[in-house]
1. Using alpha carbon centroids, what distance separates the stretch 339-397 and the stretch 285-309, in Å?
2. Between Cys330 and residues 5 or more places away or on another chain, which pairs have amide H atoms under 5 Å apart, with H built 1.01 Å from N, and which residues are they?
3. Taking every pair of Cα atoms in the stretch 172-281, average 1/r, invert it to obtain the Kirkwood radius, and report Rg/Rh to two decimals.
4. Could you give the angle, 0 to 90 degrees to the nearest 10, between helix 98-118's Cα long axis and the longest principal axis of the Cα atoms of the chain?
5. Using the Kirkwood radius built from alpha carbon pairs, what does the Stokes-Einstein equation give as D for the stretch 249-397 at 10 °C and 1.306 mPa s, in µm² per second?
6. How high is the relative contact order of the stretch 172-281? Use alpha-carbon pairs under 8 Å, at least six apart in sequence, and give a whole percent.
7. Tell me the net charge near Pro236. Cut-off is 13 Å between Cβ atoms, Pro236 excluded, with +1 for each Lys or Arg and -1 for each Asp or Glu.
8. Kindly identify the stretch 5-64 as rounded, prolate or oblate by the Cα gyration tensor criterion: order the square roots of the eigenvalues as a ≥ b ≥ c, call it rounded if a/c is under 1.5, otherwise compare a/b with b/c, prolate if a/b is larger, else oblate.
Amino acid sequence: MDFEKIKEACDRYVEARMEELWEISAFLHGHPELAFHEYEAMRCLSAFLEKEGFAIERGSGGLETAFHATYTHRLGGKQIAILLEYDALPKLGHACGHNLIACSGLGAAIALQKMVQDADLCGTIHVIGTPAEEDGGGKIIMLENGVFADIDAVFLLHPTSATTRIAGECVSSTEFQIEFFGKSAHAQSHAEDGINALDAATLFVTAMGLNGKQIKNNTNYSCMIANGGISTGQIPAYTKVLCNSNSLSLKDLHKVNEKIRNAAKGSAMATGCTCEIKEQDGYAGRIPNQILADVCKGELAKLKEPVMDGMPYDLGGEDLGNVSRHIPICNLYVTIFRDHKISGHTDQFRELAISEAGYRCIEVGSKAMARTAGELFLHPELVEQAQAELKERLKNE
Ligand SMILES: [Zn+2]
Ligand SMILES: [Zn+2]
């Protein structure tokens with residue numbers, strides 16, 4: 001068996017199916033649906049795979065707009081998942097290009113299906129439709145509900161600008177809501193009867209400003225006073241401060257979060273107020289995998305796609321990060337605008353996601369993911385090495 005020839009035949013297969021994939025991509029782009037409401041997208045993506053002979057479970061992990069498609073060629077091999085995202089942004093539509101994520105995933109799935117048949121490889125292809133990446137973290141819910149329990153390796157493409165890359169680390173984050181409670185009084189005639197909750201908020205913001213000099217430069221935070229009182233005639237009895245902290249290291253995030261809690265408690269105590277701290281974990285930072293990245297880069301090179309050196313970090317966040325702490329991931333970012341770096345979540349990015357460059361992104365992405373996953377089915381020891389790498393890395397998290 002000449003596996004290189006088989007992979008080339010799968011490239012041709014992707015090319016032959018591109019019009020269908022593009023049609024689905026255009027449909028998604030023209031019918032943007034928000035997080036947890038991606039009914040039409042789920043219907044058309046799962047229907048496509050069902051027609052191709054995948055077994056489909058709709059509503060996976062307790063989410064109505066999630067699905068889980070599987071195709072096993074021969075029992076006993078690795079379980080490799082290609083993840084799809086298909087939610088859009090309020091007012092902006094598909095300005096993050098999730099139509100391209102979904103359709104490159106479909107293309108990769110059917111090319112990989114042909115590959116396992118042609119090469120008679122042992123393994124199961126999972127295609128998992130994961131809703132609500134932009135808001136709500138669908139993958140986190142699905143992870144908690146066991147959808148990823150048997151998966152050995154995960155693939156996800158995201159469109160990007162500048163040069164194609166394999167994504168490195170990204171930030172973990174926490175959202176804080178801090179409320180200070182004091183006592184109102186007439187600000188002019190009976191100020192001495194009041195307890196000033198704005199003093200507590202001011203002290204907190206000041207403390208965080210000073211604390212900022214003593215944190216690692218992989219970590220950042222920002223604060224704002226969301227409620228500073230009602231009128232100048234009253235001593236403010238209630239104030240609210242919002243704070244977002246983020247870091248490339250979960251350990252360093254936990255350290256800065258402790259500073260935030262202490263600053264809030266100390267500011268309350270210093271002013272005679274009480275405080276209530278609510279915090280909500282954001283997405284966990286991505287843990288990239290060198291073994292999978294190297295295989296994928298090798299395949300991208302064969303496809304003549306220029307790729308950035310290393311695995312560059314970014315300051316974004318995505319719910320794939322949470323998955324990456326359990327299963328090795330290959331998160332490739334394929335360019336839809338080579339000239340220079342531009343921002344996602346913009347009108348320009350949305351238009352690129354339906355352009356010729358978007359078409360190319362689906363084609364290259366489908367081929368690269370199918371080729372890389374095919375290598376993993378052929379050489380299951382690579383998956384084991386990737387899992388060992390993740391295990392080692394988690395010791396330092
Ligand atoms: Zn986005
Ligand atoms: Zn996105």
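The numbers here are math on the coordinates, done by the rules we state, and not lab data. Everything numeric in this text was worked out from a predicted model, so none of it was measured. For neighbour counting, all protein chains shown are included, and Cβ atoms are generated from backbone atoms with ideal geometry for every residue, glycine included.
1. 8 Å
2. Sorted by chain and number, the residues that satisfy this are Val154, Phe155, Leu156.
3. Rg/Rh for the stretch 172-281 comes to 1.04.
4. Here the helix axis deviates by roughly 30 degrees.
5. Translational diffusion coefficient: 86 µm²/s.
6. 43 percent
7. Working: positive: Lys183, Lys240; negative: Glu179, Asp199.
Once all neighbours under 13 Å are counted, the net charge is 0.
8. Oblate shape, in that a/c is at least 1.5 and b/c is the bigger or equal ratio.
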